[in-house]
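J.: Structure in structure tokens, see below.
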Amino acid sequence: MLKHGILGLLNYHEMTGYEIMEVFRDSLNYFWDAKTSQIYRELHGLEQKEWVSKIVILQSGKPDKNMYSITESGHTELLRWLADDDLGLRVKAPVLMKVFFLGERSANENIRYFERVKEHCELFLKSLEAVPQHIDAYKNMIGQEDKALYWQMTVEYGRRSIQMQIEWAQDCIRRLKGE
């Protein structure tokens, strides 16, 4: 999945690995976690598959810069993935795996757990407040305003999902307190 995220970003315009990390941090990172090393590893794999090409830009006094761009076969793969019938609705939620087994602990420990879930979600929800500015900046940078609608829809899904998790955590706390 990460490889398709990188292909999608490079579909907008060529970028260095560092620029991909920055754009990822400001956009995809809100719903897909990736470390710097994973992004560079994926770039190497994409280059091996010839889905991206790399141009080395020589720099004096600094390390050389690698500029990546999507190839025609990379664009074809991106479109194939977007058209795939797998909607990606399967849930893999570590929080739910943990909650399933929380019966092994005391109710008070679990109340604290759900309070932390709620606090974490509230912080994440607050972090989404900066996203409209990122969307405007990237929309202007790539000059494709029509793409911003889809970015906004993605953010709205995330906002609603986090809001639901806050309400769920509150309900779990209430139930554990016997209210």
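J.: Hey, got a sec? Which trypsin sites (Lys or Arg not before Pro) in region 1-71 land in a DSSP loop and have at most 10 other Cβ atoms within 10 Å? Before the final figure, lay out the partial values.
T.: Working: sites: LYS3, ARG25, LYS35, ARG41, LYS49, LYS54, LYS65; in loops: LYS35, LYS49.
Taking region 1-71 and a limit of 10 other Cβ atoms within 10 Å, the loop trypsin sites (Lys or Arg not before Pro) found are LYS35.
J.: Right, next: Within a Cβ distance under 11 Å of ASN108, other residues only, what is the Lys/Arg minus Asp/Glu net charge?
T.: +1
J.: Moving to a separate point now. Is region 1-96 best put as rounded, prolate or oblate by its Cα gyration tensor, with a ≥ b ≥ c the root eigenvalues, rounded for a/c under 1.5, and otherwise prolate when a/b is larger than b/c, oblate when not?
T.: Judged from the Cα gyration tensor, region 1-96 comes out oblate (a/c at least 1.5, b/c at or above a/b).
J.: Which trypsin sites (Lys or Arg not before Pro) from region 79-179 combine a DSSP loop assignment with at most 13 other Cβ atoms within 10 Å?
T.: Listed in order of number, the matching sites are ARG90, LYS92, ARG105, LYS177.
J.: If I stretch the segment between GLN144 and ASP64 completely, what's the gain in nm (0.36 nm per residue apart, minus their alpha carbon distance), one decimal?
T.: Between GLN144 and ASP64, full extension yields 25.8 nm more.
J.: How big is the charge dipole of region 59-152 about its Cα centre, in debye rounded to the nearest 20, if each Lys and Arg gets +1 on its Cβ and each Asp and Glu gets -1 on its Cβ?
T.: 400 debye
J.: Using amide H atoms built 1.01 Å from N in the peptide plane, name the residues 5+ places from THR16, or on other chains, whose amide H lies under 5 Å from its own.
T.: Placed amide hydrogens put TYR68 under 5 Å from THR16.
J.: Per DSSP H run of at least 4 residues, take -39500 (n - 2.57); add these up for the chain, divide by its residues and hand me the 222 nm value, nearest 500 deg cm²/dmol.
T.: Taken over the chain, the calculation gives -21500 deg cm²/dmol.
J.: Follow-up question, since we're still on this one. Can you check what the net charge comes to around GLU119, using other residues whose Cβ is under 12 Å from the Cβ of GLU119 (Lys, Arg +1; Asp, Glu -1)? Walk me through the intermediate numbers first.
T.: On the way: positive: ARG112, ARG116, LYS118, LYS126; negative: GLU115, GLU122.
Result for the neighbourhood of GLU119: +2.
J.: Please give me the summed charge of the neighbours of GLY74: other residues whose Cβ is under 13 Å from its Cβ, Lys and Arg +1, Asp and Glu -1.
T.: Details: positive: LYS3, LYS49, LYS54, ARG80; negative: GLU14, GLU42, GLU47, GLU50, GLU72, GLU77.
Once all neighbours under 13 Å are counted, the net charge is -2.
J.: In terms of modelled amide H atoms, which long-range or inter-chain residues lie less than 5 Å from the amide H of THR71?
T.: It is VAL52, SER53, by chain and number.
J.: For LYS62, go through the lysines and keep the ones whose alpha-carbon is under 24 Å away, minus same-chain ones fewer than eight residues off.
T.: Within the straight-line limit of under 24 Å, LYS62 reaches these lysines: LYS35, LYS54.
J.: Moving on. From the Cα gyration tensor of region 91-179, with a ≥ b ≥ c the square roots of its eigenvalues, which class applies: rounded if a/c is under 1.5, or else prolate if a/b is larger than b/c, or else oblate? Numbers along the way, then the final one.
T.: Details: a/c = 3.67, a/b = 2.97, b/c = 1.24.
Taking the square roots of the gyration eigenvalues as a ≥ b ≥ c, region 91-179 is prolate.
Each reported figure results from applying straightforward, stated rules to the coordinates on display, with no laboratory input. Just so it is clear, the model here is predicted, and its values are computed rather than measured. Positions of Cβ are generated from backbone atoms using ideal geometry, with glycine treated the same way; all protein chains shown enter the neighbour counts.
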